[in-house]
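The values are calculated or read from the model by the stated rules, or taken from the named source; none is laboratory data. Just so it is clear, the structure is predicted and the values come from calculations on it, not from any experiment. Ideal geometry is used to build each Cβ from the backbone, glycine not excepted, and the neighbour counts take in all protein chains shown.
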Number of protein chains: 2
Amino acid sequence: MEPRHRRADAAGNRARIIQAARAVIANADEIKLNAIAKEAGVGQGTLYRHFPTREDLLAEVYREDVEELVAAAPALLAEHQPVTALARWFDRVADYAQVKRGVFAAVEAAVWQDLAAHSLGPIGDALTTLLEAGKADGTIRSDVDARDVILLIGCLTRVEEDEWDAKARHLLRIVLDGLRRRP
Amino acid sequence: MEPRHRRADAAGNRARIIQAARAVIANADEIKLNAIAKEAGVGQGTLYRHFPTREDLLAEVYREDVEELVAAAPALLAEHQPVTALARWFDRVADYAQVKRGVFAAVEAAVWQDLAAHSLGPIGDALTTLLEAGKADGTIRSDVDARDVILLIGCLTRVEEDEWDAKARHLLRIVLDGLRRRP
DNA sequence: CGTTAAAGTGGACACGTGTCCGCATGATGG
DNA sequence: CCATCATGCGGACACGTGTCCACTTTAACG
């Protein structure tokens, strides 16, 4: 009486949807869900059951990038002072968002969806690690949490392509300064 | 061969659309453009010609609030030190966004649409006034402009209703600290 | 194997957005 | 007052999103 798990074909469809999504994202500049469904050779109902929201799909497509970002946090902490580590991590975020352009917004949406569900999610955990280290040595203000930072980082979503280089890191620097403990 | 101005009826329709928008916003919690058109007794084509985007319409509906916000800047500067004035102005923003809830996002969208058009727009001008005063007396970092701040403030858009009181001002405070000149 | 019921499917459908264009309307010059 | 035609109207339409449900497939069990 095990939960009567899964259906091999369902997993196949799921995989094919992700693959199709990658293809569409790579080739078209528009990301239309129904186009992805068609490309994958499934009905839209199938797509929407596997990925209830557009964000769910994109988050899955870019899961690896997210994992990389998450893994970077402890690594940076091992090498740098907490505030420096946080600064470097912000740099990574800027790099990621620069290349992945439109997708950043969607992934971010997925992240704070996690937050709404009272679970921080992987990115939130990574951030918490960085923030706690900074609080512990007194360089980060004690009244901030991962959620605050994710919200603040969200402003990158609005930065236009052609001003990215000029604005993104600059904005993150301002945020970082805001997070520092006031002397 | 004067520009062959106007059409009295067009102005009337425009006014009726705004009125209808107010009604819909007040009564329904959903803001559907076609519902507004219907309420106003005009076709959707008419609505879309007068207000090409949803933001244009909402910005018009809340023009008064925006003007109030704009007017507050110089008034606050007359009474307080620049940083304090900026802090108070942020408070106003928080108040406004708290009451106008969903609309804040749209108005903000309209604002940075202005920015994209290389004109700061009224809000941008108000912010510039505040920032310049702060730079002049050395309390605000010199490398920020109104656009940066508008982008940063944009994070309020994502704050949920039920955590507004706890988060909004807190986030604005962090931003403000980020804007301060580092001692 | 055959049965059975849950798991899964896919496309039709409802909805909101935004565009487009043939038609009417009202200001203007005669 | 009438003729003219730019200005403006409005609704039909195309499109993308997301939902729903009658039907099919899979795999556990006898």
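Of the residues making up region B:171-183, those that are within 7 Å of another protein chain (Cβ to nearest Cβ), part of a helix (DSSP H, G or I) and not aliphatic (A, V, I, L, M) are B:ASP177, B:GLY178. Identify, please: which residue in region B:7-28 is exposed (fewer than 14 other Cβ atoms within 10 Å of the Cβ) and within 12 Å of DNA strand C (Cβ to nearest atom) and is, among those, nearest to B:ALA106 (Cα to Cα)? Out of the qualifying residues, it is B:ALA28. Exactly one residue out of A:LEU179, A:LEU131, A:LEU171 is within 16 Å of A:TYR96 (Cβ to Cβ) and buried (at least 17 other Cβ atoms within 10 Å of the Cβ), and it is A:LEU171. Quick one: count up the residues across region B:136-161 that are in a helix (DSSP H, G or I) and within 10 Å of chain A (Cβ to nearest Cβ). Qualifying residue count, region B:136-161: 12.
In the set A:THR128, A:THR139, only one residue is in contact (Cβ under 8 Å) with a residue 12 or more places away in the chain, within 18 Å of A:GLU67 (Cβ to Cβ) and of a type in the set (Ser, Thr, Tyr); that residue is A:THR128.
Every condition in (1) in a helix (DSSP H, G or I); (2) closer than 17 Å to B:ARG101 by Cα; (3) not assigned by TED's automatic domain parsing to the domain that holds B:ASP95 holds for B:ILE36 except the one numbered (2). Could you tell me which residue of region A:72-85 is nearest to the chain's Cα centre (by Cα), considering only residues that are free of Cβ contacts under 8 Å to residues at least 24 places away in the same chain and part of a helix (DSSP H, G or I)? Selected residue: A:ALA75.
Taking the criterion of being more than 14 Å from DNA strand C (Cβ to nearest atom), out of contact with any Pro (no Cβ under 9 Å at 6 or more places or on another chain) and of a type in the set (Val, Ile, Thr), would at least one residue in region B:66-82 satisfy it? No - not one qualifying residue is present in region B:66-82.
Conditions tested, residue by residue: (1) under 22 Å from B:LYS167 (Cα atoms); (2) more than 14 Å from every other protein chain (Cβ to nearest Cβ); (3) of a type in the set (Ser, Thr, Tyr); (4) touching a His at 6+ places or on another chain (Cβ under 6 Å).
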site: A:ALA97; (1), (2), (3), (4): no, no, no, no
site: A:ARG101; (1), (2), (3), (4): no, yes, no, no
site: A:ALA110; (1), (2), (3), (4): yes, no, no, no
site: A:LEU131; (1), (2), (3), (4): yes, no, no, no
site: A:GLY134; (1), (2), (3), (4): yes, no, no, no
